[in-house]
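Peer 1: First, the structure itself, so that you have it in front of you.
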Amino acid sequence: MTSSRAEVDLQRRLELVHMTVFCQSFSPCGKYLAAGNNYGQIAVFSLSAALSSAAEEEDQKSVITFTAHDGPVYSLVSTDRQLISAGNGDVKAWNWSEITKKGCKEAWSRKPPFRANLELPEINCLLLNQKDNTLLTAGGDAVVHVMDMETGAFTQAFQGHMDYIHCLALRDQYNECLSGSEDGTVRLWDLRTGQEAQVIDVYRHQECARPQYGKWIGCLATESEWMVCGGGPALTLWHLRSVTPTTVFPLQDCQQQVMFYQDLILSAGNNPTINHCQISGGVKAQIPCTAPSVYSLAINEQSQENMVFQLETHISSR
């Protein structure tokens, strides 16, 4: 019995050493944080307990951990009722009302219409469009799929990328979706017609091209007439109407996450820091973190405590 328990403990320690957290999402109430890892697990943490001034080690562990997918959990997003997760070829939903009571029964599961001759690809992008109650998914098949959240039917497929899609963003005021791909392009899609509205060959612009790192686009975000994107190319601010790169940020490492936040641009990637960049191009601050890479950034819109969270490579769970 002692030997068996020691083997289990050793296995658990090895899992933690090799664990990667790819994604996170806050509950609608802002009191819980869900995180998905490379073992197909979702761990849910109580923020009020973990961030309390009197928090102990036990309070910082997950309140529930469950296996959601056979492979890694690549993306998470929350509606006002459900936590939605994506893995290899499938999208699943879990009711927050059950999760907070330590339940983990699957509410529904959907598979986008992939090509028949294609192995089940990763779905590593989930994006909610609340304006028309749809869910956009993208990943290894290089197609943006649109699912009607009410019926569960896939109603549109945006095709044009030549390789893996890493990131999605909405441009609400223009009813457009942007996608960034391994093929080095950012594509703008008209959500009403499903047609491609514009293609930006980021890697062809000398200002931001970095051939030594490749042409892949790993992250993008939009705000009004502006877009910021990066990956192999340097993190760069673009004016969309003129399709002009206006600011190249002096960050050496490849960026995998980016967002507009107040008057700053926050980014992270293959470096143990969260970068606070000014629109003018300066780096205001670089906040250190414990892991060598950061895969996810999110802001808890429902809470004033620790507004910005980043997930690294390790997660403490039961």
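The values are calculated or read from the model by the stated rules, or taken from the named source; none is laboratory data. Please read all numbers here as calculations on a predicted model, not as lab measurements. Don't worry about glycine lacking a Cβ; one is built from the backbone with ideal geometry, like all the others, and counts go over all protein chains shown. Heads up: the accessible areas ignore ligands, DNA and RNA and are worked out on the full protein's heavy atoms, side chains in. Shrake-Rupley method; radii C 1.70, N 1.55, O 1.52, S 1.80 Å.
Peer 1: Considering ASP70, ASP90, which residue is more than 18 Å from MET147 (Cβ to Cβ) and either touching an Asp or Glu at 6+ places or on another chain (Cβ under 8 Å) or among the acidic types (Asp, Glu) (or both)?
Peer 2: ASP70
Peer 1: With the requirement that a residue be surrounded by 14 or more Cβ atoms within 10 Å (Cβ to Cβ), out of contact with any helix residue (DSSP H, G or I) (no Cβ under 7 Å at 6 or more places or on another chain) and not in a loop (DSSP other than H, G, I, E, B), what does segment 79-106 give you?
Peer 2: Correct list: ILE84, SER85, ALA86, ASN88, VAL91, LYS92, ALA93, TRP94, ASN95, TRP96, GLU98, ILE99.
Peer 1: I need the strands (runs of 3 or more DSSP E) fully contained in segment 191-266, keeping only those with at least 1 residues that are farther than 25 Å from SER293 by Cα and either touching a helix residue (DSSP H, G or I) at 6+ places or on another chain (Cβ under 7 Å) or open to solvent by 40 Å² or more (accessible area, probe 1.4 Å) (or both).
Peer 2: Filter on segment 191-266 gives 196-201, 217-223, 226-231, 236-239, 244-248.
Peer 1: State all residues of segment 172-182 that are surrounded by 20 or more Cβ atoms within 10 Å (Cβ to Cβ) and not polar (S, T, N, Q); if no residue qualifies, say none.
Peer 2: If the condition is that a residue be surrounded by 20 or more Cβ atoms within 10 Å (Cβ to Cβ) and not polar (S, T, N, Q), then CYS177, LEU178, GLY180, GLU182 are the ones that fit.
Peer 1: Determine whether GLY71 is within 17 Å of the chain's Cα centre (by Cα), farther than 20 Å from LEU136 by Cα and not basic (Lys, Arg).
Peer 2: Against the criterion (within 17 Å of the chain's Cα centre (by Cα), farther than 20 Å from LEU136 by Cα and not basic (Lys, Arg)), GLY71 qualifies.
Peer 1: For segment 84-108: of the residues being over 21 Å from CYS29 (Cα atoms) and small (Gly, Ala, Ser), which is modelled with the lowest pLDDT?
Peer 2: Step by step, filter segment 84-108, then rank; the result is GLY89.
Peer 1: Identify, by number, the condition in (1) of a type in the set (Ser, Thr, Tyr); (2) within 17 Å of ILE123 (Cβ to Cβ); (3) surrounded by fewer than 21 Cβ atoms within 10 Å (Cβ to Cβ) that TYR74 doesn't meet.
Peer 2: That leaves (3) as the condition not met.
Peer 1: Right, here's the next one. Is there a residue in segment 84-93 that is free of Cβ contacts under 8 Å to residues at least 60 places away in the same chain and at positive phi?
Peer 2: Yes - at least one qualifying residue is present in segment 84-93.
Peer 1: Restricting to segment 143-190, give me the number of residues that are over 23 Å from GLY218 (Cβ atoms) and in a loop (DSSP other than H, G, I, E, B).
Peer 2: Within segment 143-190, residues that are over 23 Å from GLY218 (Cβ atoms) and in a loop (DSSP other than H, G, I, E, B) number 6.
Peer 1: So GLY180 ticks every box in (1) in contact with a helix residue (DSSP H, G or I) (Cβ under 6 Å, 6 or more places away or on another chain); (2) closer than 22 Å to THR134 by Cα but one. Which box is left unticked?
Peer 2: (1)
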